[in-house]
Amino acid sequence: MSWHRKVLRVNLTQGTCVPEPLNMEWTEQYLGQRGLATKYFCEEVDPKVDPLSPENKLIYTTGPLTGTMASTGGRYSVVTKGPLTGAIACSNSGGYFGAELRFAGWDMIILEGKSPKPVYLHIENDKAELLPAEGFIWGKSVWETEEMIKTRHQDPLMRVSCIGRAGEEGVLFAAIVNDLHRAAGRSGVGTVMGSKNLKAVAVRGTKGVGGIKDPKAFFAATAAGKKILADNAVTGQGLPKFGTQVLMNVINEMGASPTRNHQDVQFEGASKISGEAMHEKRATDGKTHLVTNQACFGCTIACGRISRIDEGHFTVKTRPEYWGASGGLEYEAAWAFGNANGVDDLEALQFCNLLCNEEGMDPITLGATIGAVMELYEIGALTKEEIGFEAPFGSTEAVVKLTEMTANGEGFGKIMGLGSKRLCEKYGHPELSMSVKGQEFPAYDGRALQGMGLEYATSNRGACHLRGYMVATEVLGIPFKTEPQATEGKPELLKAFQDATAVFDSAGICVFTSFAWGLPDIQPQIQAACEGDWSLEKLTEMGERIWNMEREFNLKAGFTAKDDTLPPRLLKEGCKTGPQKGAVTRLDIMMPKYYEVRGWDVNGVPTAETKQRLGL
């Protein structure tokens with residue numbers, strides 16, 4: 001129970017939609033969502049496949065708790081080989097789409113091949129069909145696409161997951177967006193979708209989640225979990241009030257906020273673009289930037305932001321389509337367009353954020369790529385003539401123009417769409433790309449926070465904060481406080497965090513619950529929902545199995561231990577200011593120990609003993 005035991009296999013080349021049974025033997029070892037879909041992907045796809053070829057596959061996947069009364073049980077993931085990185089990609093999203101897919105009776109959708117013409121997938125319970133997108137929604141934005149599909153099918157309750165123009169045009173960090181402003185955002189999963197001529201997946205379901213093994217025990221376990229979340233300072237107070245933006249001032253004061261393409265670690269304008277600033281009344285119109293918070297399906301945290309931009313701001317003064325309340329700034333997006341580029345105009349950052357939602361782009365990669373462009377401009381490697389205008393750090397106008405050009409695929413925006421790694425290589429300074437395995441850093445400096453530096457270097461999908469959130473222990477003291485500059489014990493702790501996160505991602509719940517929950521808190525929920533035995537020991541080993549499976553895929557794709565590193569700036573240039581002044585990331589100390597505790601050899605390859613123990 002808690003699986004429908006059904007997979008929808010869609011061959012876009014042939015135009016067929018065929019149901020097949022879910023591999024229940026694999027659920028025993030990988031549970032669902034991230035773990036199970038990655039198992040399917042690794043079994044079916046050559047690791048050396050061109051990410052944008054028809055031979056690559058794209059898997060929409062839910063977990064056994066998706067759509068249930070478990071708090072935050074609204075997640076789904078998209079698994080593929082990422083074009084930005086060439087590595088395994090698993091991008092997670094919230095909103096309501098994941099639950100709707102479960103309600104329609106499906107655990108997973110496997111999309112393969114390439115449609116001869118643009119199409120979208122329409123699902124209504126057991127009925128699935130590919131319908132023409134050309135002359136209808138192809139060429140339209142995310143916002144237009146969702147509205148047009150709902151209108152055509154006369155169903156305002158339909159849930160739509162789609163790409164914008166960025167995905168159609170091959171921007172390498174295109175996102176898949178659902179519910180207007182929730183996104184499977186990283187690694188270019190939307191680019192793969194566009195390469196397959198698939199514009200959208202639209203779902204309406206009325207079948208429920210397929211049953212819970214022990215409803216009485218599940219009610220008790222989920223109620224206990226919700227109380228823990230409500231009583232926790234982060235999930236019960238900080239996130240509901242300020243969202244992830246609660247971190248802006250905290251991280252900045254710690255000297256861990258990457259600023260001006262990681263040249264600095266503190267941004268003098270951080271307070272002007274913080275969660276607190278979003279609550280303050282504007283001098284221009286007397287209104288607050290933040291309208292309200294919002295929850296995804298089944299979520300009792302409600303960290304989402306709904307904001308309304310200042311109608312008199314230069315970005316929207318003559319564009320009333322942006323005046324309404326819509327998805328607001330998360331910490332990562334505020335940092336990427338703000339601190340990373342030295343810009344402290346909150347309304348401008350929200351406008352760039354809206355464009356990312358509207359056209360389906362990852363704001364982290366886009367903002368970080370703008371930061372690289374600004375540094376290239378300041379050192380003379382890029383000229384005003386090449387970009388089309390002046391682009392120094394601190395230029396609000398340049399950040400806005402570069403975002404618009406990327407969204408529209410115009411001029412220099414086409415080069416922006418390559419991401420910072422390829423762009424910096426093109427202009428002769430690969431060292432200025434603040435990325436790992438081709439994916440840009442999020443909003444935490446790996447020099448100031450040693451565990452985060454190690455996490456970035458070892459993440460299976462490129463630089464990422466959601467693959468073992470070491471900020472929890474190094475900044476927030478969860479589950480206990482560790483010193484930011486300590487290296488001893490960090491490899492062991494990171495492994496535990498990475499493995500646990502794989503379990504959260506495979507269950508169908510949000511990783512933000514891990515601020516309050518550990519595996520002992522979700523184990524009773526999984527045990528009550530799912531058939532079989534789901535002991536704490538089994539879940540812990542499962543997380544490790546998933547991590548090693550992803551590692552094996554990347555090794556076969558051509559990655560080596562040499563890719564488990566950071567840009568020279570983080571290894572050689574010390575933090576200039578703040579409590580961590582002078583610090584660099586000590587991978588030289590931590591990486592050998594990390595390989596050891598992982599059960600890998602000195603070359604970062606899982607040993608035969610490790611693979612045998614994990615059943616790989």
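The values are calculated or read from the model by the stated rules, or taken from the named source; none is laboratory data. Remember, it's a predicted structure, so these values are computed and weren't measured experimentally. Quick reminder, even Gly has a Cβ in these numbers, built from the backbone with ideal geometry, and neighbours come from all protein chains shown. Surface accessibility is based on the protein's heavy atoms, side chains included, excluding ligands, DNA and RNA. Shrake-Rupley method; radii C 1.70, N 1.55, O 1.52, S 1.80 Å.
Some observations on this one:
- Count of region 5-46 residues which are part of a loop (DSSP other than H, G, I, E, B), open to solvent by less than 20 Å² (accessible area, probe 1.4 Å) and touching a strand residue (DSSP E or B) at 6+ places or on another chain (Cβ under 8 Å): 4
- Flag for residue 68 being touching a helix residue (DSSP H, G or I) at 6+ places or on another chain (Cβ under 8 Å) and closer than 26 Å to residue 521 by Cα: yes
- Qualifying residue in region 263-282 (condition: at pLDDT 95 or above, touching a Lys or Arg at 6+ places or on another chain (Cβ under 7 Å), open to solvent by 20 Å² or more (accessible area, probe 1.4 Å) and β-branched (Val, Ile, Thr)): no
- Check on residue 238, closer than 30 Å to residue 79 by Cβ, of a type in the set (Gly, Ala, Ser) and either out of contact with any Pro (no Cβ under 7 Å at 6 or more places or on another chain) or not in a helix (DSSP H, G or I) (or both): no
- Close Cβ contacts (under 8 Å, 6 or more residues apart or on different chains) running from residues in region 179-199 that are farther than 14 Å from residue 133 by Cβ and part of a loop (DSSP other than H, G, I, E, B) to residues that are open to solvent by 10 Å² or more (accessible area, probe 1.4 Å) and small (Gly, Ala, Ser) comprise 180/326; 181/326.
- Residue check: residue 228 meets all listed conditions (1) open to solvent by 10 Å² or more (accessible area, probe 1.4 Å); (2) closer than 25 Å to residue 437 by Cα; (3) out of contact with any strand residue (DSSP E or B) (no Cβ under 9 Å at 6 or more places or on another chain) but one, namely (2).
- Matching entry among 72, 62 (being of a type in the set (Ser, Thr, Tyr), modelled with pLDDT of 95 or more and at positive phi): 72
- The residue that is farthest from residue 34 (Cα to Cα), counting only those in region 551-589 that are among the hydroxyl-bearing types (Ser, Thr, Tyr) and touching a helix residue (DSSP H, G or I) at 6+ places or on another chain (Cβ under 8 Å), is 585.
- Per the conditions (1) more than 30 Å from residue 260 (Cβ to Cβ); (2) open to solvent by less than 50 Å² (accessible area, probe 1.4 Å), the sole criterion not satisfied by residue 587 is (1).
- Residue, farthest from residue 215 (Cα to Cα), within region 47-63, restricted to residues that are in a strand (DSSP E or B) and without any contact (Cβ under 8 Å) to a residue 60 or more places away in the chain: 59
- The condition of being basic (Lys, Arg), surrounded by fewer than 16 Cβ atoms within 10 Å (Cβ to Cβ) and under 30 Å from residue 250 (Cβ atoms) holds for only one of 593, 556, 581, 562, that being 581.
- Residue in region 289-303 that is without any contact (Cβ under 8 Å) to a residue 60 or more places away in the chain and assigned to a loop (DSSP other than H, G, I, E, B) present: yes
- Scan region 323-342 for residues that are open to solvent by 10 Å² or more (accessible area, probe 1.4 Å), closer than 30 Å to residue 435 by Cβ and either aliphatic (A, V, I, L, M) or not in a loop (DSSP other than H, G, I, E, B) (or both) and the total you get is 2.
- In region 64-81, the residues that are in contact (Cβ under 8 Å) with a residue 60 or more places away in the chain form Cβ pairs under 8 Å with partners that are open to solvent by 10 Å² or more (accessible area, probe 1.4 Å) and among the aliphatic types (A, V, I, L, M), at six or more places apart or across chains, as follows: 66/209; 67/209; 68/209; 68/212; 81/49; 81/557.
- Being basic (Lys, Arg), within 30 Å of residue 25 (Cα to Cα) and part of a helix (DSSP H, G or I) holds for only one residue in 556, 593, 562, and it is 556.
- Residue within region 452-464 that is among the basic types (Lys, Arg), open to solvent by less than 20 Å² (accessible area, probe 1.4 Å) and within 19 Å of the chain's Cα centre (by Cα) present: yes
- Evaluating residue 235 against the criteria (1) crowded, with 24+ Cβ neighbours inside 10 Å; (2) out of contact with any helix residue (DSSP H, G or I) (no Cβ under 7 Å at 6 or more places or on another chain); (3) under 24 Å from residue 304 (Cα atoms); (4) among the β-branched types (Val, Ile, Thr) leaves one unmet condition, (2).
- Unique residue being open to solvent by 30 Å² or more (accessible area, probe 1.4 Å) and farther than 27 Å from residue 111 by Cβ when the list is 204, 182, 260: 260
- Screening region 71-101 for residues that are surrounded by 24 or more Cβ atoms within 10 Å (Cβ to Cβ) and of a type in the set (Phe, Trp, Tyr) and picking the one that is farthest from residue 524 (Cα to Cα) gives 97.
- Selection of region 596-611 for residues being open to solvent by less than 60 Å² (accessible area, probe 1.4 Å) and within 29 Å of residue 432 (Cα to Cα) yields 604, 605.
- Conditions (1) modelled with pLDDT under 95; (2) crowded, with 18+ Cβ neighbours inside 10 Å: number failed by residue 252: (1)
Yes/no matrix, rows are residues, columns are (1) open to solvent by less than 50 Å² (accessible area, probe 1.4 Å); (2) part of a loop (DSSP other than H, G, I, E, B); (3) without any contact (Cβ under 8 Å) to a residue 60 or more places away in the chain:
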site	(1), (2), (3)
484	yes, yes, no
497	yes, no, yes
504	yes, no, yes
523	yes, no, yes
526	yes, no, no
537	no, no, yes
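- One residue stands out among those in region 142-178 that are closer than 17 Å to residue 122 by Cβ and in a loop (DSSP other than H, G, I, E, B): the one that is most open to solvent (accessible area, probe 1.4 Å), which is 154.
- Among (1) touching a residue at least 12 places away in the same chain (Cβ under 8 Å); (2) assigned to a helix (DSSP H, G or I); (3) surrounded by fewer than 16 Cβ atoms within 10 Å (Cβ to Cβ) - the single one residue 544 does not satisfy: (3)
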